[in-house]
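**Q** Mind having a look at this structure? Questions to follow.
The values are calculated or read from the model by the stated rules, or taken from the named source; none is laboratory data. In this text, all values refer to a predicted model and were calculated from it rather than measured experimentally. Here the Cβ positions follow ideal geometry from the backbone for every residue, glycine too, while neighbour counts run over all protein chains shown. Protein only, heavy atoms only, side chains kept; ligands, DNA and RNA dropped before computing areas. Shrake-Rupley method; radii C 1.70, N 1.55, O 1.52, S 1.80 Å.
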Amino acid sequence: MTQPNSDSPQNTFNISGSSIGNMLGSGTMNINETTQQRATANASTSVDKTVEGQKKVILILAANPKSTPALRLDEEVREIDAGLRRASQRDRFHLEQRWAVRSRDVQNALLDLKPQVVHFSGHGGGEDGLFLENETGKAVAVGTEALAGLFELFADRVECVVLNACYSEVQAAAIAKHIPSVIGMNKAIGDRAAIEFAVLFYAALGSGESVEFAYKLGCNAIRMAGIEEYLTPVLKRKPV
C-alpha cells in the first residue's frame, strides 16, 4: 500500500367486537387472551429492536483510485467479514461497507450509520494525508487536520479508527486527540501484512476482546505469517 504517483489520474390493537360479544364471559376471555398475546408479541419486538440497537457498527471505507497501485481490498474485506461471522460474539457487530469513497461518502456514512469502529483501507501519503477518490475516480489527498476535524465531530460515538494505509501514523496521532483508540501504519505496509493484521484484529473484537488485545493479536498474526512488518501497525490512545 504505497503512496500513489501524484502525477497520475483514478455501494422494519385494534380489537373489534359487538357490544353483545363484550357482555359474554367467553367473549371477554377471548379479548383478554388476544390482548395478552399481542402484548407479548409487542414486548418481543421491543426486545429484538433493543438487541439490534446494541450492535456495534463496523464501517469499512475502501478507496483504490485509478491512478494508484492496485490493492487487494476485496480480499481484505471478505476475510474480515468471514472472521466476524465465525466469532463467538458475532451477534454484537454489524458490518457495513462503502467502496470507492469520496470525501462526501465518508461524511454521509458517518452521519447515516453512526459507527463505533471505522476502518479505512487504501493508500496513505504521510504528511499529504489519505487518498480518496474524486468524481472521476482519480486520487485526491485529504489532509491530516481535515480528517482529525471530521472525527472530532463524531467523537461521541466513534470508539476506534483503523487506518490500514501506508504512512498513516501521522493521521492516527491527530485523530487520537479526539477518538479513544486509533491505529495507523508507521511506514509502508504490504497487502499480505495489512490483510493478516485486519483479519485477526476483527476476529479478536468479534470474540469480545479489547482493542488493545486485538491490536496485539493483529501484530502477532503478521509475525506468525513470517512477515517482517509486525512493528508497522501502531496504536495511538486519546490523552487522558
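**Q** Using a probe of 1.4 angstrom, how much of the accessible area of segment 77-160 is carbon and sulfur, in percent?
**A** Taking all protein chains in place, segment 77-160 shows 45 percent carbon and sulfur surface.
**Q** Run through segment 129-194 and list the trypsin sites (Lys or Arg not before Pro) located in a DSSP loop whose Cβ has at most 14 other Cβ atoms within 10 Å. Spell out each step's value before the answer.
**A** Working: sites: K138, R157, K177, K187, R192; in loops: K138, R157, K177, K187.
In loop regions of segment 129-194 (DSSP not H, G, I, E or B), the sparsely surrounded trypsin sites (Lys or Arg not before Pro) are R157, K177, K187.
**Q** Which aspartates and glutamates have a Cα lying under 12 Å from the Cα of K238, excluding residues fewer than 8 positions away in the same chain?
**A** Here the aspartates and glutamates satisfying the reach criterion relative to K238 are E152, E159.
**Q** Using θ = phi - 60° and the Karplus form 6.51 cos²θ - 1.76 cosθ + 1.60, what ³J(HN,Hα) does each residue of segment 62-76 get, whole Hz, x for Gly and Pro?
**A** These are the phi-based 3J(HN,Hα) values: 10, 8, 9, x, 3, 7, 10, x, 5, 10, 8, 5, 4, 5, 4 Hz.
**Q** Let me ask something else. Just the accessible area per residue of segment 69-216, please: how many Å² with a 1.4 Å probe?
**A** 42 Å²
**Q** For segment 62-145, build the charge dipole from Cβ charges (+1 Lys, Arg; -1 Asp, Glu) around the Cα centre, then report which of A109, S88, V140 sits farthest towards its positive end.
**A** S88
**Q** Reachable lysines from K55, Cα under 16 Å, same-chain residues fewer than 8 places away excluded?
**A** K114
**Q** While we're here: Would you pull out the residues with amide H under 5 Å of K236's amide H, same chain only if 5 or more places away, H placed 1.01 Å from N?
**A** V182, I183, G184
**Q** What are the ³J(HN,Hα) values, in whole Hz, obtained from phi via the Karplus relation 6.51 cos²θ - 1.76 cosθ + 1.60 with θ = phi - 60°, for each residue of segment 129-138 in sequence order, with x given for Gly and Pro?
**A** Here the 3J(HN,Hα) series is x, 9, 9, 9, 10, 9, 5, 9, x, 7 Hz.
**Q** In nm, to one decimal, how far is the R78 label point from the A155 one, both placed 7 Å along Cα→Cβ?
**A** Result for the modelled spin labels: 4.0 nm.
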